[in-house]
1. Compute log10 of I(q)/I(0) for the stretch 185-305 with the Debye formula, placing one identical point scatterer on every Cα and leaving out solvent, at q = 0.12, 0.18 Å⁻¹, to two decimals.
2. Whole Å is fine, so just give me how far the alpha carbon centre of the stretch 240-299 lies from that of the stretch 119-197.
3. For a paramagnetic label modelled at 7 Å from the Cα of residue 232 toward its Cβ, which residues of the stretch 255-281 fall within the zone defined by backbone nitrogen distances under 19 Å?
4. Given R₀ = 41 Å, FRET efficiency for residue 184-residue 293 by Cβ-Cβ distance, to 0.05?
5. Per residue, what volume in Å³ does the convex hull of the Cα atoms of the stretch 119-250 enclose?
6. Go through 319-330, 166-177 and give me the packing order, highest mean Cβ count within 10 Å leading.
7. Tally Lys and Arg at +1 and Asp and Glu at -1 over the other residues with C-beta under 13 Å from the C-beta of residue 302: what net charge comes out?
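Derivation of every value follows stated rules applied to the coordinates shown; laboratory data play no part. All values derive from a computational prediction rather than experimental measurement. Note: ideal-geometry Cβ built from the backbone for every residue, glycine included; neighbour counts use all protein chains shown.
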Amino acid sequence: MRVLHYAKHSLAVLTLAALMAGCGGDSTAPNAPFDPAGTSSDLSGMEASFDSPAMSGFSSAAGAIGSVLGESPAAAAVRAGPTKALVTRGRPGARHYASTVASAYLRPTGGMRPVAGSAAILEEHLGVTFVYNTETDAYEASELTGAPGDGVRFLVYAVDGITGVPVEPLVEVGYADITASETATSMAVRVELVSGGVTYLDYSVGANAGSSAVTVSISGFVTNGDDQVNFDLDNHIELEDEAVTITMDYTLILPTRNGFRIDFEGEASGNTVTSTLEARGPHGTVTITGNQTATTGSFEVEVNGELFATVTMAAGESPVTTGADGNPLTQQELEVLGDLINLFVNGFDFFEDLLDPLA
């Protein structure tokens with residue numbers, strides 16, 4: 001029996017840590033032997049897909065772009081764009097992402113519905129290219145051409161690696177085109193980030209609402225020019241008698257690494273979150289299932305269909321990870337667990353933070 005060194009973290013983090021014990025396996029091939037080092041490499045490639053000068057410039061500009069677009073789904077689509085938070089170090093990023101989606105797309109009082117007005121705001125500036133003004137630290141309309149006729153364009157710039165703000169004098173590294181459409185019960189926003197003729201990020205955000213439920217989906221891809229992650233996230237939020245139920249699933253696929261993929265499905269209802277995560281690629285298949293409350297958690301980890309480890313959690317105590325037949329995990333297996341912990345943390349944080357704006 002071995003107690004993970006993550007024990008000093010919160011229960012939620014540890015619960016998720018426990019879930020992240022090893023993965024891999026081509027999605028179309030038979031299960032391959034489990035290779036922790038190969039799995040870590042694939043995860044690194046997934047993380048690196050979010051690293052490029054264009055993505056850094058876009059991330060830095062997201063707040064300023066949102067200010068121009070106002071309180072609209074178009075602004076939220078920029079602020080909530082998938083980032084490296086989906087793969088690593090994501091607790092703050094996932095919280096921001098989840099709460100932005102929920103607060104911007106939903107109005108729980110008097111019925112669930114997407115916030116209206118995104119298309120109207122864009123219509124005021126159709127075909128306009130916005131440039132950054134270093135004097136005001138804000139974007140302003142320009143006379144430049146090239147913006148889409150049915151949307152707007154924002155130039156993005158190189159940023160300081162320490163401060164995260166545009167360097168001066170400004171160095172243009174690309175542009176983001178944003179288009180939007182909406183009806184009384186649905187809306188859709190598309191964001192495309194281009195640099196040097198290469199599309200580094202392309203995703204669409206859509207919301208469809210009924211009287212007591214709304215579904216928000218985000219799909220697209222991100223690349224650094226070498227590795228690419230295709231992502232698909234679907235979230236369904238239902239409000240009934242003031243009780244909120246959230247179901248969520250997302251898929252991250254790395255086609256540049258033999259189809260390495262991560263699939264997550266979960267549901268949060270009341271004080272309990274149940275979930276299943278599967279990671280498949282050329283280095284084996286890992287499936288993690290379990291449930292968590294505010295004070296306890298219990299999970300099983302399988303590798304290629306065979307029990308690999310069990311994890312139990314209790315408030316105020318260190319989580320305990322036990323290998324199959326009571327054998328301890330190797331150091332390398334524990335390191336893979338560390339590589340994967342943040343991914344699952346994001347999934348649970350997403351649930352937690354979606355509930356906050358609806359309370």
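1. Result of the Debye calculation: -0.61, -1.06.
2. 34 Å
3. 255-267, 276-281
4. Values: r = 39 Å, r/R0 = 0.94.
With R0 = 41 Å, the Cβ-Cβ based efficiency is 0.60.
5. Values: hull volume 21.3 nm³, N = 132.
Dividing the Cα hull volume of the stretch 119-250 by its residues yields 161 Å³.
6. Details: 319-330: 15.2, 166-177: 17.1.
Answer by packing, highest mean first, reads 166-177, 319-330.
7. Values: positive: 280; negative: 278, 300, 306.
Once positives and negatives cancel, what remains is -2.
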